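Engineer: Shown below is the structure under consideration.
The values are calculated or read from the model by the stated rules, or taken from the named source; none is laboratory data. These numbers were taken from a predicted model, which means no experiment stands behind them. Cβ coordinates were reconstructed from backbone atoms using ideal geometry, including for glycine residues, and neighbour counts include every protein chain displayed. Calculation scope for accessible area: heavy atoms of the full protein, side chains included, ligands and nucleic acids excluded. Shrake-Rupley method; radii C 1.70, N 1.55, O 1.52, S 1.80 Å.
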Amino acid sequence: MSAYPTPAVLRAAPGAPSLAKITAIFRRGSIASVINAIWVPVCSAMLIVLVGAIGMWMQQPWLFAALAPTALMVAANSGHETTNFRAIVVGHLAAIACAYVALLMFNATPAETMLATRVVPFPRIWASAAALAMLAIVMPQLRAYHPPAAATALLVSLGAYRMTGKTPLALMGGVVVMGLAAEALVRFRRRRGR
């Protein structure tokens, strides 16, 4: 059975610098250091703009809340096993499938959504818990560990997105664009010698 990456492994991966490091970078005045300091925030924002613009052009909900942590992880740790194309796409797809199955298991689809009542009814609470548990089992088996996909499972099981019509395809469209952008960032950073 595949194992989840440990927190120590994730901490060892290059990521966003701390506030103290950013301040020290600006004091030194190196252009390369300044670019590295603003890379994660600018790259994260641009990924969101890219997916949002395509979704607006397509008149579909391509941009959804679970893509924000995906964008941040891609910008901070491009090239990591949790941010490659396969992990992103398969992770979010598995999350949608697990949430859908959980909704069916607990007959929670007809229950009111959190957005309508501002209170989560028990069938959706149980479906959310089951979806997350199933996702925790499925992701390592698929070798597609991508933690932000858990937010996708929660959004679907809470009823923020109904799995009818073109909605699942639209959500996956945003995920695929994010995965392609992640691969492009890896190639770009390799060419820059990072």
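Engineer: For the stretch 78-85, does any single residue satisfy the condition of being closer than 23 Å to S44 by Cβ and part of a helix (DSSP H, G or I)?
Structural biologist: yes
Engineer: Name the residues in the stretch 36-67 that are open to solvent by 20 Å² or more (accessible area, probe 1.4 Å) and in contact (Cβ under 8 Å) with a residue 60 or more places away in the chain, would you?
Structural biologist: Matches in the stretch 36-67: L50, I54, M58, Q60, P61, W62, L63, A65.
Engineer: Given the options A131, A136, A153, name the one that is crowded, with 20+ Cβ neighbours inside 10 Å and farther than 16 Å from L67 by Cβ.
Structural biologist: A131
Engineer: So K166 clears everything in (1) of a type outside the set (S, T, N, Q); (2) surrounded by fewer than 16 Cβ atoms within 10 Å (Cβ to Cβ); (3) without any contact (Cβ under 8 Å) to a residue 60 or more places away in the chain; (4) more than 22 Å from M73 (Cβ to Cβ) except one condition, right? Which one?
Structural biologist: Result: K166 passes all but (3).
Engineer: When the stretch 96-128 is examined, which residues are found to be crowded, with 21+ Cβ neighbours inside 10 Å and out of contact with any Pro (no Cβ under 9 Å at 6 or more places or on another chain)?
Structural biologist: Scanning the stretch 96-128 gives C98, A99, A102, R124, A127, S128.
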